[in-house]
Amino acid sequence: MRIAGLDIGSRTIKLFLLEDGRVKDFRYVETSYDPKAKIKNLLGKVEYDQLVATGYGRNLAQAHFGAETITEIRAHALGVRYLFPEARTILDIGGQDTKAIALSPEGQVIKFEMNDRCAAGTGRFLEIMAMALGVDLPGLSELALEATHAAQISSLCTVFAESEVVGLIGRGEDRRMIAKGVILSIAKRSVSLLKRVKVHPPVVFTGGVAKNKALVKALEELLKVHVLVPENPQITGALGAALSAKFL
Amino acid sequence: MYERMWEALGLDLNAHQALLDTLGPIYESIYLSQKNRPKGMEYFDQVVACIHGARIEELLKAKETGNLVIGTFCVFVPEEIVWAGGGICVGLCAGAEVGFEEAEQVLPRNLCPLIKAFFGFKLARVCPYVEACDFVVGETTCDGKKKAYEIFHEFKETYVMQVPQKKDPQSFNLWFAEVKRFKEKIEEASGKEITAEDLRQGINLINKRREALNRLNRLRQNDPPPISGLDALLINQIAFYDDPERFTTQLNTLCDELEERVKQGKGVCPKGSPRIVISGCPMAIPNWKLPYIVESLGAVIVGEESCVGRRNTRDLVNPAGETVEDLLKAIAERYMKIDCAIFTPNPDRAENLRAMVEELSAHGVIHYSLKFCDPYTVEVYQTDRAVSTKVPTLKIETDYSQEDVEQIRTRVEAFLELLR
């Protein structure tokens, strides 16, 4: 039995293949302006018996590719527990969403919180800030790790925070301190979201933003617990979608 | 066919037509597409189809024969007194993002959408109800409305009742005095004295309507419920402006049909579907955004802990009094039981929600707040505490725009997964 899990996010589409319960393959592409064509292309390269989709574009996959659907919340819960069977708290930061999920000892979702409608504190926020600082995403993390202190970024709105960063650059503030300020502002916002569902270790951090080592470090400092990050944090949702097939 | 009437009322015919043209398809896709609808909903569909026509004609006819038409925005206005004075009371629309551009010329941007909407409907000249009214009655509930009425008065005569913020005896006295003053205002405007018999008739008229609505609410205790939450919400919305006598008759006919359905074990959804109670801010017509999302995902709404819902129907006025004074006091007492979040403290609301969850065998509660509504958004702390130990809860804060529909859908869908 080959099951394909598809996570159609705002920035990337992730595909995960399970064969008889074992990990077979995963790949991802940018979502672009035409996710339908991207999905078609991705699915054309693999063979599967059943398709389960999650992410904000899940209904597109249901309408055009006969996928079953589950929400990102459930997908992340399943994916994370497969990788970390003891996990009790999940932070997922994707392109435009931040989610905090509390799990029972058995792995059931007990409570979840999501960010408001704007992209504050998400992957998109990081991209814009990196661009303002003239680095790519790994570069932003490296800059922040080199910083001795953090510049104050008080705005959480992506647009206003960008103005703030531009203002700091104009005043001659060290790029590394600004980068750390940006990271810290996301970390604080994520921690307040996590506290709304109550933080219970082990804590797992997923989504593309979890690749940012500076952010992981900032979260650990604020939460005072070790934060676990999967090897490929951005594919947890697609993995969960594929795993859900046996529950559907 | 109603163009001439709308023109005479001073509506902006183009803008008004555009509004009706958007409402039609929305109603079709949200309401008429529902499966297993009771036959008795036909009457209510008709009322909506003719929302700015037939009923307005009735209001204008009543005015021709010298009767008052009063517009309100809140369940605190004791409408029994309006009916006792031979008048007609209509709840005014405030449930759509209409005329916001005009509204924002006088109001701040960051304000409750309900307030912006009632200004918008008036300033964009698209609501025949407000134009047909002799005057509107406001009330000192939340700060936003209280201050907005001062400005609204510049566009339409607005009489404001003072609603107290506590429930102690001094507050009751203040409110009782306000109820008496309101009776005098209606007498003065209509030129007709209100007798005890008039009051009794007004009380009975509205009590019967509330009883019928409560009957509908009780029928929703069944699994599966015989009617959808969307339809029940619509009926509650229509209650605010339809003729009460006709409305009550039609609703009771519908309830007879629903009783029959229950006996046969028929419902709007499969037995065992997730049952949701929505708690919080009012959903004025045509605000069906959240209920539509919830029910299109396979859950069913079994109760509205809301002004357009249980808060408006729960308590009846005791009609036993002999004198005008007795009856006015009974009216004042009934309205002081309203568990609106503007009261401090307001323990009744949390308790009423808890009781609703129990009697309706709800599986989950969605706290619904309109953006910038401080009283309800803050009070979620207490209402959530009253139910979250028993059932899962979800908080949704939104407005009338459509931009967050997909995000809300994801939250609600994940919430429903959690109930299964």
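Couplings 3J(HN,Hα) for region B:124-134, derived from phi with the Karplus relation 6.51 cos²θ - 1.76 cosθ + 1.60 (θ = phi - 60°), are 7, 6, 10, 10, x, 5, 5, 6, 6, 6, 5 Hz, where x marks Gly and Pro. Close amide H pairs (under 5 Å, H built 1.01 Å from N) link B:V69 with B:I88, B:D134, B:F135, residues at least 5 positions away or on another chain.
Distance between the pseudo-spin-label points of B:Q46 and B:R385 (7 Å out from Cα toward the beta carbon): 5.0 nm.
If you average 1/r over all unlike Cα pairs in region A:5-136 and invert the result, what Kirkwood radius do you get in angstrom?
Here the Kirkwood hydrodynamic radius works out to 15.9 Å.
The phi torsions of region B:302-319, fed into the Karplus equation with coefficients 6.51, -1.76 and 1.60 and a -60° offset, translate into couplings of 10, x, 10, 8, 7, 5, 9, x, 4, 4, 8, 10, 3, 9, 10, 8, 6, x Hz, rounded to whole numbers, with Gly and Pro shown as x.
Taking B:E139, B:E150, B:E79 as the candidate residues, the one with maximal mean-square fluctuation in a Gaussian network model of chain B, Cα springs under 10 Å, is B:E150. Per-residue ellipticity at 222 nm, computed for the protein assembly as shown from helices alone with -39500 (n - 2.57) per DSSP H run of at least four residues, works out to -15000 deg cm²/dmol. For region A:66-155, a Kirkwood hydrodynamic radius built from all Cα pairs, placed in the Stokes-Einstein relation at 20 °C and 1.002 mPa s, yields a translational diffusion coefficient of 140 µm²/s. In this calculation the C-beta distance from B:K146 to A:R22 is compared with R0 = 56 Å, giving a FRET efficiency of 0.30.
Each Lys and Arg contributes +1 and each Asp and Glu -1, all at the Cβ; summed about the Cα centre of region A:88-229, the dipole is approximately 420 debye.
Residue-normalised convex hull volume from the C-alpha trace of region A:119-172: 78 Å³ per residue. Distance from the C-alpha centroid of region B:283-328 to that of region B:361-387: 16 Å, rounded to the whole angstrom.
Taking the square roots of 5 times each eigenvalue of the Cα gyration tensor of region A:88-229, largest first, gives ellipsoid semi-axes of 27, 15, 12 Å. Could you tell me what % of all Cα pairs in region B:1-81 have separations over 19 Å? Cα-Cα pairs of region B:1-81 separated by over 19 Å account for 55 percent. In angstrom, the C-alpha Rg and Dmax of chain A are 18.2, 60.
Distance between the C-alpha centers of region B:223-253 and region B:137-157? Whole Å please. Measuring centre to centre over Cα atoms gives 29 Å.
The H on the amide N of A:D25, modeled in the peptide plane, is under 5 Å from the matching H of A:L17, each at least 5 residues off or on a different chain.
In terms of the ratio Rg/(2.2 N^0.38 Å) built on C-alpha atoms, what value belongs to the protein assembly as shown?
My calculation over the Cα atoms of the protein assembly as shown gives 1.07.
Placing unit charges on the Cβ atoms of the charged side chains and taking the dipole of the protein assembly as shown about its Cα centre, the candidate lying farthest along the positive direction among B:Q402, A:A218, B:V324 is A:A218. Within region B:101-162, the chymotrypsin sites (Phe, Trp or Tyr not before Pro) that combine a DSSP coil assignment with at most 16 other C-beta atoms in a 10 angstrom radius are B:F155. Using the Cβ-Cβ distance between B:Q201 and A:Y33 with R0 set to 51 Å, the FRET efficiency from 1/(1 + (r/R0)^6) comes to roughly 0.20. Rounded to the nearest 20, the size of the Cβ-charge dipole of the protein assembly as shown about its Cα centre is 2200 debye, with Lys and Arg at +1 and Asp and Glu at -1. Under the classification rounded if a/c is under 1.5, otherwise prolate if a/b is larger than b/c and oblate if not, where does chain B fall, given a ≥ b ≥ c as square roots of the Cα gyration tensor eigenvalues? Since a/c stays below 1.5, the shape of chain B is classed as rounded. Coupling constants for region B:216-227 follow from the phi torsions by the Karplus curve (6.51 cos²θ - 1.76 cosθ + 1.60, θ = phi - 60°), and in residue order they are 4, 4, 5, 4, 6, 5, 6, 10, x, x, x, 9 Hz; glycine and proline get x.
Please say if region B:132-270 is rounded, prolate or oblate, where rounded means a/c under 1.5 for a ≥ b ≥ c the square roots of the C-alpha gyration tensor eigenvalues, and otherwise the choice is prolate for a/b larger than b/c and oblate otherwise? Verdict is prolate for region B:132-270. Enumerate the residues in region A:210-248 having an amide nitrogen under 16 Å from the point lying 7 Å beyond the Cα of A:E47 toward its Cβ. Nothing falls inside the zone, counting backbone N under 16 Å.
Amide H contacts for A:A67 (H built 1.01 Å from N in the peptide plane; partners 5 or more residues away or on another chain; cut-off under 5 Å): A:Q62. Using the Cβ-Cβ distance between B:Y2 and B:E28 with R0 set to 22 Å, the FRET efficiency from 1/(1 + (r/R0)^6) comes to roughly 0.60.
Taken together, the values in this text are just the output of simple stated rules run on the coordinates, not laboratory data. Note that the coordinates shown come from a computational prediction; the quantities given were computed from them, not determined experimentally. Ideal geometry is used to build each Cβ from the backbone, glycine not excepted, and the neighbour counts take in all protein chains shown.
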